[in-house]
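Asker: Dumping the structure here so I can ask a few things about it.
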Amino acid sequence: MGARTVLILGGGVGGVVAANRLRRQLPRSDRVVLIDREAQHLFQPSLLWLAIGDRRPDRIRRPLAGLKRKGIEVIQGEIQAIDPAARTVLVGGRKLIGDAIVISLGAELAPDLVPGLSESGHNLYAIQGAESIRDALRSLREGRVVVLTAAPAYKCPAAPYEAAMLIEAVARRQGIRSKVELDLYAAEPGPMGVAGPAVSAGVRQLIESRGIQYHPEHQVTSVNRAARTLTFANGTTASFDVLIYIPPHRAPAVVRASGLAGDSGWVSVDRGYFETSFPGVYAIGDVTTVPLTMGKPLPKAGVFAHRQAEVVAANIVAAWTGVGRRTAFDGYGECFLETGVGRAGFGAGNFYAEPAPQVSLRGPGRWWHWGKVLFEQWWFWKWL
């Protein structure tokens, strides 16, 4: 068979890992093409450190063009349409045809779904928002800081809880902790609920032991910028001086228009192989939904996008070359949990375990914090 082409849509964690693995293992005559509207890869776990002033923006980004030296074709442009049946992608008016397509476009941040949200606060999941959080914290002298999850499901489930603890540590470092009230309003019933009751309780204890007031099951319905107030579905309101939020998520518009998004609003895939209902079309990472037996979906997290990318790449290579064997994603994942003052916890386990995920949380220590620092450095060296 002649040369073939795999199109990888998205230059985040999943897309970058898939491109590297495919380029390394496919014949050089096969094309590996990565497409993203952004010129740079953003290492999103480090947004937390940018928000508290421990990173500069240039330290947590790298040009995707650097992948070209590995033999990966990189196209910067807006993906205008995806036809999964024909395996074609329209980019900047140019139609590309793939023998396989790997969709790793992530979740689109949608603060517009909550009236007043975007103009009233700082988006923790955007680089500009993290920079504005940093600036707000530097000028903070007193008042009420609110961390808000605007929907019960979002990527990086630990991040808002990490943010609250890191901000609390910043206030102590600046000598203003006694003048700052810190509240976390969560749409979900508890921290990191999919990880199980023990992990959820452990994270809540970490939060509350630092004097952070935790308010679960508070679904925000609107934000009043002038009055600096939040209104919730349960009829309560809350005031703030600084608002830091995780916005609602949705699948990117081009995915929703393609027919790939099901009733859930996300791409349905086989939970082992991440194949869609269209032959040769795969989806990985945050753009997918994977129901678990417990009734909740697999969390959206970089560690899962990474491992799913490894599985999909290995299976494309096996199918095209006969080298290796078909493999399945096992549901295992882990994450660091930054708690401030150079310490972090570490959670890990099997999210595919039955009847419920089996996940454990190790308490904060300096080792886990430095593990995340080293992981950040390794990530750029290994993949970009």
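The values are calculated or read from the model by the stated rules, or taken from the named source; none is laboratory data. The structure displayed is predicted, hence computed values, not measured ones. Because the Cβ atoms are built from the backbone with ideal geometry, glycine has one as well, and the counts that use them run over all protein chains shown. Ligands, DNA and RNA are stripped out before the accessible areas are found, and what is left, the full protein with its side chains, is counted by its heavy atoms. Shrake-Rupley method; radii C 1.70, N 1.55, O 1.52, S 1.80 Å.
Asker: Select from region 279-300 the residues that are surrounded by 22 or more Cβ atoms within 10 Å (Cβ to Cβ), of a type outside the set (Val, Ile, Thr) and not in a strand (DSSP E or B) and list them in ascending order.
Answerer: Once the filter is applied, which keeps residues that are surrounded by 22 or more Cβ atoms within 10 Å (Cβ to Cβ), of a type outside the set (Val, Ile, Thr) and not in a strand (DSSP E or B), region 279-300 yields Gly285, Asp286, Pro299, Lys300.
Asker: What number goes with the only condition from (1) touching a residue at least 60 places away in the same chain (Cβ under 8 Å); (2) surrounded by 15 or more Cβ atoms within 10 Å (Cβ to Cβ); (3) touching a Leu at 6+ places or on another chain (Cβ under 7 Å) that Thr88 does not pass?
Answerer: Result: Thr88 fails condition (1) only.
The rows are residues; the columns are (1) closer than 21 Å to Pro216 by Cα; (2) under 16 Å from the mean Cα position of the chain (by Cα); (3) crowded, with 22+ Cβ neighbours inside 10 Å; (4) not aromatic (Phe, Trp, Tyr).
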residue: Leu105; (1), (2), (3), (4): no, yes, yes, yes
residue: Asp112; (1), (2), (3), (4): no, no, no, yes
residue: Ile133; (1), (2), (3), (4): no, no, yes, yes
residue: Gly143; (1), (2), (3), (4): no, no, no, yes
residue: Val146; (1), (2), (3), (4): yes, no, yes, yes
residue: Ala151; (1), (2), (3), (4): yes, yes, no, yes
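Asker: Say whether the condition of being at pLDDT 95 or above, part of a helix (DSSP H, G or I), more than 24 Å from Lys155 (Cβ to Cβ) and touching a Leu at 6+ places or on another chain (Cβ under 7 Å) is met by at least one residue in region 55-70.
Answerer: There is at least one residue in region 55-70 that is at pLDDT 95 or above, part of a helix (DSSP H, G or I), more than 24 Å from Lys155 (Cβ to Cβ) and touching a Leu at 6+ places or on another chain (Cβ under 7 Å).
Asker: Can I ask one more? I need every pair where a residue in region 15-38 that is in contact (Cβ under 8 Å) with a residue 40 or more places away in the chain has its Cβ under 8 Å from the Cβ of a residue that is polar (S, T, N, Q) and in a helix (DSSP H, G or I), sequence separation at least 6 or different chains.
Answerer: Between residues of region 15-38 that are in contact (Cβ under 8 Å) with a residue 40 or more places away in the chain and residues that are polar (S, T, N, Q) and in a helix (DSSP H, G or I), the close pairs are Gln25/Thr321; Leu26/Thr321; Pro27/Thr321.
Asker: Just one of Pro216, Pro160 is touching a Pro at 6+ places or on another chain (Cβ under 9 Å), surrounded by 21 or more Cβ atoms within 10 Å (Cβ to Cβ) and under 23 Å from Gly116 (Cβ atoms); which is it?
Answerer: From the options Pro216, Pro160, the qualifying one is Pro160.
Asker: Being surrounded by fewer than 22 Cβ atoms within 10 Å (Cβ to Cβ), out of contact with any Leu (no Cβ under 6 Å at 6 or more places or on another chain), touching a residue at least 24 places away in the same chain (Cβ under 8 Å) and among the charged types (D, E, K, R) narrows it down to one of Arg225, Arg256, Arg204, so name that one.
Answerer: Arg225
Asker: What are the pairs with Cβ atoms under 9 angstrom where one residue, in region 355-384, is touching a residue at least 60 places away in the same chain (Cβ under 8 Å) and among the acidic types (Asp, Glu) and the other, located anywhere, is assigned to a helix (DSSP H, G or I) and open to solvent by 60 Å² or more (accessible area, probe 1.4 Å)? Sequence gap at least six, or different chains.
Answerer: Glu376/Arg59
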